[in-house]
Amino acid sequence: MKNKNREIYNAASSMKQSVLRFAGHVGKGLTKPQQSFIVDMLYGMMVSQDVKLTKIGAALKEESKLKYTEERLRRNANDFNNGDIMADNYVKKVVKKTRKDTLLLVDGGDISKPYGSNFEGLCEVRDGSTGKIGKGFPTVGIIALTDDKLPVPVYENIYSYKKDFVSENHETFKALDFADKHFSKDNIRVFDRGYDSNIITEKLLDSKVKFIVRANDVRTVIHNGEKINILKLANKFKGKYKLDFENQKGKKSHCEISMTPIALPKFPGQVFNLVICKGFSNEPMMLITNVFDDDNSICKSIVKCYLLRWKIEEFYRFKKQTFNFEDIRVMNLKAMNNINLLLNILIGFLSMKSTESKDKPIIVALINQVKRIYNAKNVLYTVCAGLSIVFAIANTGLNPPPVFIPDFLQLCLY
């Protein structure tokens, strides 16, 4: 029992010190009050695992009334104007953990607010969970993957169709420009078929980055000098290479993969590879990419890269389930984006810490606190559950450090 208590308090103390150091890095160059706000938010969200300011304030365990703590956090969330500096500091830490083959996954998301009425810019959006149209906000985001395939948020913006909106392509371009600023052109950008458009392709070609885009079946391509529907072309190939794949739900697929060079009518002088994967779904999965190699078996790697795209959908789901993200209750978009940025920084911190070998003992200690019938495929779920247990037992706020309590109080006499 004594060893277990020591393990719990050591884990709480280590995670607390680690997140404070990380907050110092992302707050570099900001004012002291802004740095204090970052510390309060990162620590408060880690302990409370919530984005509501009352929950975050309660986790800080300050001597002042919770009302005053919540008002201070809300005021700082509304007034914080240096999100770009904080994001740059954070992504510099992320870039140090990436490699040449690190994937950048791009996709849109949503925040559903079915009962909201007073949120700034509240608009109609498709709820990704139900497929229905309802009130909320659209988002666009980019994540990188660690060596253990854990999501590290790189960029995300919450916007509104009713406030300062230009187009969805414009929002996508802002995300891609941010990625181009910080990451290598060799880091492959991966997109779903919603991004299969000439406008997006032109942007990617102008940026000279590598990319993989899932094609729509209505697209026309040029093959052997003739225009042809991409689906008709795909059906002509039987599949030279084999690949067995298991999705996040455990469903196994036996895929047959082929690859052939093509061009697009909009860019007749540019050669692309069309990768055709049969067996993944009823219709062939068609991927357009500018990734080339002398060995044609690279088409298997291209399919594997694309199939990891569901990790960004899992990331969005993780935020909503673990941190109650859709229950965010600040009224204006600026504050919403500030809190979202801080939450993404926290998730990135947890992902990177879960991957580093020197931190494995602490992560194992957190995982050992959780009893599950089935192991979660995304270890972040288990790590966060362990954090909740550890800090509930440690019962410490931001300022007082966790203190080990012996099993038997009479030992304190000696």
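Values quoted throughout were computed directly from the atomic coordinates according to the rules given, and no laboratory measurement underlies them. Small disclaimer: the values here were computed from a predicted structure and weren't measured. No Cβ is skipped: glycine too gets one built from the backbone with ideal geometry, and neighbour counts run over all protein chains shown.
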Looking at the chain from every direction and averaging, what is the projected area of its Cα convex hull in nm²?
23.3 nm²
Calculate the dipole size of the chain relative to its Cα centre from +1 charges on Lys and Arg beta carbons and -1 charges on Asp and Glu beta carbons; express the result in debye to the nearest 20.
640 debye
Over segment 1-136, what is the relative contact order in percent, taking alpha-carbon pairs closer than 8 angstrom and at least six residues apart?
16 percent
Give the relative contact order (percent, whole number) for segment 211-297; include only Cα pairs under 8 Å separated by 6+ residues.
30 percent
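Rounded, prolate or oblate: pick one for segment 51-156, where a ≥ b ≥ c are the square roots of the eigenvalues of its C-alpha gyration tensor, a/c under 1.5 means rounded, and failing that, prolate if a/b is larger than b/c, else oblate.
On the way: a/c = 2.20, a/b = 1.19, b/c = 1.85.
Verdict is oblate for segment 51-156.
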For the chain, with the dipole built from +1 on Lys and Arg beta-carbon atoms and -1 on Asp and Glu ones, taken about the Cα centre, which of LEU176, TYR241, ASN78 lies farthest toward the positive end?
TYR241
Determine which aspartates and glutamates satisfy two conditions relative to LYS162: a Cα distance under 16 Å, and not lying fewer than 8 residues away in the same chain.
ASP110, GLU120, GLU124, GLU171
Peptide ranges 102-112, 194-204, 306-316 listed from the most packed, as the mean C-beta count within 10 angstrom indicates
102-112, 306-316, 194-204
Contact order normalised by length for the chain, with contacts defined as Cα pairs under 8 Å and 6 or more residues apart; what percent is it?
21 percent
Work out the P(r) tail for segment 211-297: percent of alpha carbon pairs separated by more than 22 Å, whole number.
25 percent
How far, in degrees from 0 to 90, does helix 379-394 lean away from the longest principal axis of the Cα atoms of the chain, to the nearest 10?
10 degrees
Angle, helix 198-207 long axis vs. longest principal axis of the chain, Cα atoms, 0 to 90°, nearest 10?
70 degrees
